[in-house]
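The numbers here are math on the coordinates, done by the rules we state, and not lab data. Please read these numbers as outputs of a predicted model, since none were measured by experiment. Here Cβ is always computed from backbone atoms with ideal geometry, including for glycine, and neighbour counts include all displayed protein chains.
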Amino acid sequence: MPDSSNSVAKSELVYRELRSRIISGRYVAGYRLVLGQIAREMGVSPVPVREAIRRLEAEKLVTFTRNVGAEVASIDVGDYANAMETLAYLEGAATALAAPLLSKKQLADATDTNDHMRSLATQNFDPRLFTDLNQRFHKQLCIACPNDHMNELLDVEWDRVAIIRRNTFSFEPVRSQTSVSEHDHILELITTGAPAQDIEMAARKHKMRTLRAFVEDRPST
C-alpha cells in the first residue's frame with residue numbers, strides 16, 4: 001500500500017520549491033512547467049508535481065492551457081491594482097490586530113528596517129533592495145496578527161505584488177522618502193498605543209497612496 005503521507009510531503013516540497021522560483025523571478029511569466037522535467041530534476045514521480053502545479057494554479061500563479069500545458073501566469077497592471085487594494089484592507093486590519101501583541105524586539109526590528117529604507121532613500125538608492133525592505137517592514141508589523149486565515153491571505157497577496165514589482169517596476173526615490181515618513185507615523189501610532197481604528201486607517205491609507213502614486217506615474221496610453 002502506498003504511503004500517502006510521503007506523497008503529501010513530496011507534493012508540499014515540490015510546491016514550495018516551484019512557488020519560490022516563481023516569486024523570486026527565476027521562473028518568469030510564460031515559463032513552461034514541464035511535469036516530467038521537473039519530476040526528474042527533483043527526484044520525484046510526476047504525481048506530486050501535478051498536485052503542486054494545481055495548487056499554484058488555484059493561487060493564480062500558474063495557468064493551464066489545453067495543448068500547451070502549465071505556464072507561469074502573466075500578471076498585468078490591473079492585477080497589481082487589485083492586489084494593492086486588497087492589501088490595503090488586509091494589512092490595515094492585520095497591523096491593527098498585531099499592534100498590541102508586538103514585542104519590543106519585533107518593533108525594534110521594524111524600526112531598524114525602516115531606518116535602512118531611510119538611508120537608501122536619501123543616498124545610494126537601490127530600488128530593488130528598497131522594495132524588498134518595504135515588504136519586510138510590513139510583514140514585521142503584521143507578524144503578531146492572531147488571525148491565521150488573514151495571514152494566509154496576506155501571504156498570497158504579498159507574493160502576487162512581489163512578482164509584479166519584480167517584473168514591472170520598483171519604488172522611485174521621491175515616493176520612497178514619503179513612504180518612509182508614513183512608516184514613521186504608523187510606528188508612532190503603535191508605540192504610543194493609539195486606538196486600533198487609527199492604526200488600521202493609517203496602514204490602509206499608506207497602501208492606497210502607494211497605489212495612487214503608481215497609477216499617476218504610469219504613462220498614458
ask   = How many angstrom separate the Cα center of the range 186-218 from the Cα center of the range 46-71?
value = 36
request  = Once you've got the Cα coordinates, tell me which of 10/207; 104/207; 60/105 are over 32 Å apart.
outcome  = 10/207; 60/105
ask   = When the chain is fully extended, how far beyond the present Cα-Cα distance does residue 82 get from residue 125, taking 0.36 nm per residue of separation?
value = 12.7 nm
inquiry  = Report D for the range 99-217 in µm² per second (integer): Stokes-Einstein, Kirkwood Rh on Cα pairs, 4 °C, 1.567 mPa s.
reply    = 87
DSSP loop trypsin sites (Lys or Arg not before Pro) with at most 15 other Cβ within 10 Å excluded, longest remaining stretch of the chain = 67-221
In order through the range 116-126: 3J(HN,Hα) via Karplus (6.51 cos²θ - 1.76 cosθ + 1.60), integer Hz, x for Gly, Pro = 5, 4, 4, 5, 5, 5, 9, 7, 6, 4, 10
ask   = Is the range 4-72 rounded, prolate or oblate when judged by the Cα gyration tensor, a ≥ b ≥ c being the square roots of its eigenvalues, rounded requiring a/c under 1.5 and prolate requiring a/b larger than b/c?
value = prolate
task = Note the full-extension length gain between residue 136 and residue 105 as 0.36 nm times their separation in residues minus their Cα-Cα distance, in nm to one decimal.
result = 9.7 nm
request  = May I ask you to compute the full-extension gain from residue 34 to residue 148, defined as 0.36 nm times their residue separation minus their alpha-carbon distance, rounded to one decimal in nm?
outcome  = 37.7 nm
task = Over the alpha-carbon set of the range 7-46, divide Rg by the Kirkwood Rh and report the Rg/Rh ratio to two decimals.
result = 0.97
request  = Give me Rg over Rh for the chain, both radii from the alpha carbons and Rh done the Kirkwood way, two decimal places.
outcome  = 1.02
